[in-house]
Amino acid sequence: MADIHSEPIPEPTEKEINRFWPKIYVKGPEDCWLWKGRTRNGYGQFALYRNNRTIRVQAHRFAYLIGHGKDPAPLYALHRCDERRCCNPLHIFLGNSTDNIHDCMAKGRMQTGDSHYMRRHPEMAQHGEKAWSSRLKESDVIEIRALHATGKWFHREIAAKFGIRPQDVCRIVNRQRWKYLPSPEVLNPPKQRKPLGGEDHPFAKLRDDDVRDIRALHATGSVTQREIARRYEVGPSVICNIVNRKRWGHVA
């Protein structure tokens with residue numbers, strides 16, 4: 001796998017080329033020519049000076065420029081030998097991002113599947129309340145599930161109690177998040193819950209009684225849909241769908 005610096009390398013001077021090669025252990029044409037100077041992330045670093053400014057380029061990319069007469073930018077400079085310090089131009093070839101990934105996988109340097117670090121060391125995974133972004137503790141999650149199991153709390157009410165979003169509550173109670181925690185034992189479990197709809201929906205602004213009142217008001221013919229919408233702080237289209245039973249059809 002290669003690192004990339006897509007900025008073009010300035011045209012090297014003869015003095016810079018003469019300063020470059022003594023920093024490399026030059027061997028046979030098939031051997032690795034290892035960089036012996038400063039490195040960063042395993043790659044050699046070579047300094048160029050232009051207009052009172054220091055420009056640091058990767059040594060193997062500079063070697064490719066000198067050896068092949070072509071600036072590798074904006075492509076990756078890949079190593080056939082898989083040695084980051086190698087500056088042998090014959091060991092370096094160019095490729096795009098896809099080539100870089102395939103080269104990395106072919107050489108077994110990309111951790112995937114069972115070889116991934118987190119698969120080999122699951123104890124190091126930061127999840128649950130150990131995660132830096134977590135706003136809940138395990139006790140909070142257990143309480144959220146217990147409140148939901150009573151059948152008396154809406155998602156939005158639980159969310160307001162714990163300072164999270166209704167959709168977060170939905171994922172917790174459906175075990176899409178914090179799935180490793182056991183479900184709470186409920187002494188009097190509720191009856192079979194109906195699908196989330198109507199006032200049970202986490203984003204519902206109306207209750208079943210509100211819908212009945214809306215239909216009753218509309219049936220009198222003395223109140224317009226726009227006036228009803230302002231009274232209940234919803235859009236006129238919502239009122240239209242309610243009175244035409246396109247929404248809240250389960251409410252008698």
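The values are calculated or read from the model by the stated rules, or taken from the named source; none is laboratory data. Source: prediction; values computed, not measured. Note that we place each Cβ from the backbone using ideal geometry, even for glycine, and neighbour counts take in every protein chain shown.
Descriptive notes on the structure:
- Here the strands (runs of 3 or more DSSP E) wholly within the range 1-92 that include at least 3 residues being within 33 Å of the chain's Cα centre (by Cα), surrounded by 15 or more Cβ atoms within 10 Å (Cβ to Cβ) and at negative phi are 43-50, 76-79.
- Test: residue in the range 60-70 that is in contact with an Asp or Glu (Cβ under 6 Å, 6 or more places away or on another chain) and among the hydrophobic types (A, V, I, L, M, F, W, C): yes
- Residues in the range 164-191 that are among the aliphatic types (A, V, I, L, M) and at pLDDT below 70 were compared, and the one that is farthest from residue 134 (Cα to Cα) is 187.
- Applying a threshold of 6 Å to beta carbon distances and a minimum spacing of six or more residues, or different chains, the list of pairs starting in the range 99-115 at a residue that is closer than 14 Å to residue 79 by Cβ and ending at one that is at pLDDT 85 or above and of a type in the set (Asp, Glu) reads 107/82.
- Single unsatisfied condition, residue 86 versus (1) more than 12 Å from residue 63 (Cβ to Cβ); (2) in contact (Cβ under 8 Å) with a residue 40 or more places away in the chain; (3) not charged (D, E, K, R): (1)
- Here the range 206-225 is the region considered, the condition is being farther than 16 Å from residue 250 by Cα and in a loop (DSSP other than H, G, I, E, B), and the residue that is nearest to the chain's Cα centre (by Cα) is 224.
To keep it simple, each residue is scored yes or no on (1) modelled with pLDDT of 75 or more; (2) over 23 Å from the mean Cα position of the chain (by Cα); (3) buried (at least 16 other Cβ atoms within 10 Å of the Cβ); (4) in the same structural domain as residue 236 (by TED's automatic domain parsing).
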{"residue": "102", "(1), (2), (3), (4)": "yes, no, no, no"}
{"residue": "150", "(1), (2), (3), (4)": "yes, yes, no, no"}
{"residue": "156", "(1), (2), (3), (4)": "yes, yes, yes, no"}
{"residue": "193", "(1), (2), (3), (4)": "no, yes, no, no"}
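- Of note, residue 219 satisfies the criterion of being farther than 25 Å from residue 166 by Cβ, at pLDDT 85 or above, aliphatic (A, V, I, L, M) and out of contact with any helix residue (DSSP H, G or I) (no Cβ under 7 Å at 6 or more places or on another chain).
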